[in-house]
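Below is one structure, written out as structure tokens; the observations come after it.
The values are calculated or read from the model by the stated rules, or taken from the named source; none is laboratory data. Here the structure is a predicted model, which is why all the values come from computation and not from measurement. Here the Cβ positions follow ideal geometry from the backbone for every residue, glycine too, while neighbour counts run over all protein chains shown.
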Amino acid sequence: MKNISCVILAAGKGTRMKSSVPKPLHKIYSKSMLNYMCEAVEAVGIKDISIVVSSESEEEIAKTVDHKLLVQEKALGSANAILCAKDSLKNKKTDTVLLLYSDTPLITVETLGHLVKSHYEKKAVCTLLTTEVQDPEGYGRILRDEQGEIAKIVEEKDATLYEEVIKEINVGAYCFDKNILFDDLEKIKINPKKEEFYLTDIFDIFNKTGQKINSFVSSNPEECLGINSRNDLAQATSILKKRILSAVMDSGVTLIDPATTHIDFDVEIGKDTVVFPSTIIDSNVKIGKSCKIGPFAHLRSGTEIGNGTEVGNFVELVRTSVGEGCKIKHKTYLGDAVLGNNINIGAGTITANYDGKSKNKTIIEDNAFIGVGSILIAPVKIGKNATVGAGSVVTKKHDVPEGETVAGIPARVMKRKH
């Protein structure tokens, strides 16, 4: 979409979060709210994205996004925040501004696409996203005239008793005609109660000048949740969890107990894999077909598991590649390990991957057997068809040759009886 620039407002202090972390950087699973918004905009096909930030949060936000940051030096409200983008956008060959808030990270790509499409179809000066909720507390209310057109948006703090019970709310996502937006923003007067410039006051100006205001109504109130507190953040996490788990099950994966299963975004799981209760799968994890994962397993980022592998009770894997047909079934930690195919890892096995300075790799080749309670101190390699006896400690750089059996502390090759 070459004719659209996007501005994301991310300068809010988020005082109700009670945190030293800038509000836009609070995470749902392992991704910040701001990152969700940027990715959704990019997925719609909009490349020109600017983010309005506060001077206090500029440095931290700059570490997390690659888009242009515009600083609102003083917190003077949403209308003032948008004006920070005026100089940046005025010479760009775009005619429309998609305006979003960083604290609505559940808005879907599909909804943003419908919002933009409706804006162009209706040829409006502004198209805003609305929805109906059972409890509108905290949101601006949509007032419509007898013809059903938007007459006004009333902020909750300024609403009358009649206006407070209106269930249609302003979500905080808009498409504006760029030139008219910046011209009319200059006409907004400061709100005497809050001593801020409200963006929503621009709709009074549009109506007085006969400008067409359009709306797109989302049928899914959950995606319109604005996050202003830790409770809101927990609610958003719950909503995103349902989305992720639903998509996983639709792809052919069995989740025995979705209520206790946590799967992050950016996870790939093959068909006919079964995930048992109380399992946590972090982002950037790939699991093959027909695997069994859990219960009480934790697959951390960077883990890859081949087809037909079993990862069982109280197993933690991180930055570990596991081949096909392996069994890692009980109380095991494997970090920075590379496993071949058809390997058995006994209960209580640990790869000691950290030496106090750096992470080191453990390699276990095809058909190896690692006995119960073994400790493999990296860097180390266990050869094909090798066996490590129960309770052994294989020290670093003392590789186990192919087909050999080692045992003891430290582990030594067992002498064969003739």
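Key figures for this structure:
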read-out: Residues of the stretch 350-374 that turn out to be of a type in the set (Val, Ile, Thr) and not in a strand (DSSP E or B), as a count; value: 1
read-out: Test: residue in the stretch 179-188 that is within 35 Å of the chain's Cα centre (by Cα), touching a residue at least 24 places away in the same chain (Cβ under 8 Å) and either assigned to a strand (DSSP E or B) or farther than 26 Å from residue 97 by Cα (or both); value: no
read-out: Matching residues in the stretch 53-66 - criterion: being surrounded by fewer than 21 Cβ atoms within 10 Å (Cβ to Cβ), touching a strand residue (DSSP E or B) at 6+ places or on another chain (Cβ under 8 Å) and either in contact (Cβ under 8 Å) with a residue 40 or more places away in the chain or assigned to a helix (DSSP H, G or I) (or both); value: 54, 58, 62
read-out: Members of the stretch 76-92 that are touching a residue at least 60 places away in the same chain (Cβ under 8 Å) and over 30 Å from residue 193 (Cα atoms); value: 89, 90, 92
read-out: Number of positions in the stretch 154-170 that are modelled with pLDDT of 90 or more and under 16 Å from residue 199 (Cβ atoms); value: 2
read-out: Residue count for the stretch 1-50, restricted to those that are part of a loop (DSSP other than H, G, I, E, B), within 17 Å of the chain's Cα centre (by Cα) and hydrophobic (A, V, I, L, M, F, W, C); value: 1
read-out: Residue within the stretch 169-176 that is surrounded by fewer than 16 Cβ atoms within 10 Å (Cβ to Cβ), under 32 Å from the mean Cα position of the chain (by Cα) and not in a helix (DSSP H, G or I) present; value: no
read-out: Exclusive hit being in contact (Cβ under 8 Å) with a residue 60 or more places away in the chain and on the phi > 0 side of the Ramachandran plot, set 226, 172, 252, 210; value: 172
read-out: Only listed residue being in contact with a Lys or Arg (Cβ under 8 Å, 6 or more places away or on another chain), in the same structural domain as residue 73 (by TED's automatic domain parsing) and in contact (Cβ under 8 Å) with a residue 60 or more places away in the chain, chosen from 109, 154, 133, 116; value: 133
read-out: Among (1) in contact with a Leu (Cβ under 8 Å, 6 or more places away or on another chain); (2) among the β-branched types (Val, Ile, Thr); (3) under 20 Å from residue 243 (Cβ atoms) - the single one residue 267 does not satisfy; value: (1)
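Quick grid of which residues meet (1) surrounded by fewer than 18 Cβ atoms within 10 Å (Cβ to Cβ); (2) hydroxyl-bearing (Ser, Thr, Tyr); (3) in a loop (DSSP other than H, G, I, E, B):
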site: 283; (1), (2), (3): yes, yes, yes
site: 301; (1), (2), (3): yes, yes, yes
site: 314; (1), (2), (3): yes, no, no
site: 332; (1), (2), (3): no, yes, no
site: 347; (1), (2), (3): no, no, yes
site: 376; (1), (2), (3): no, no, no
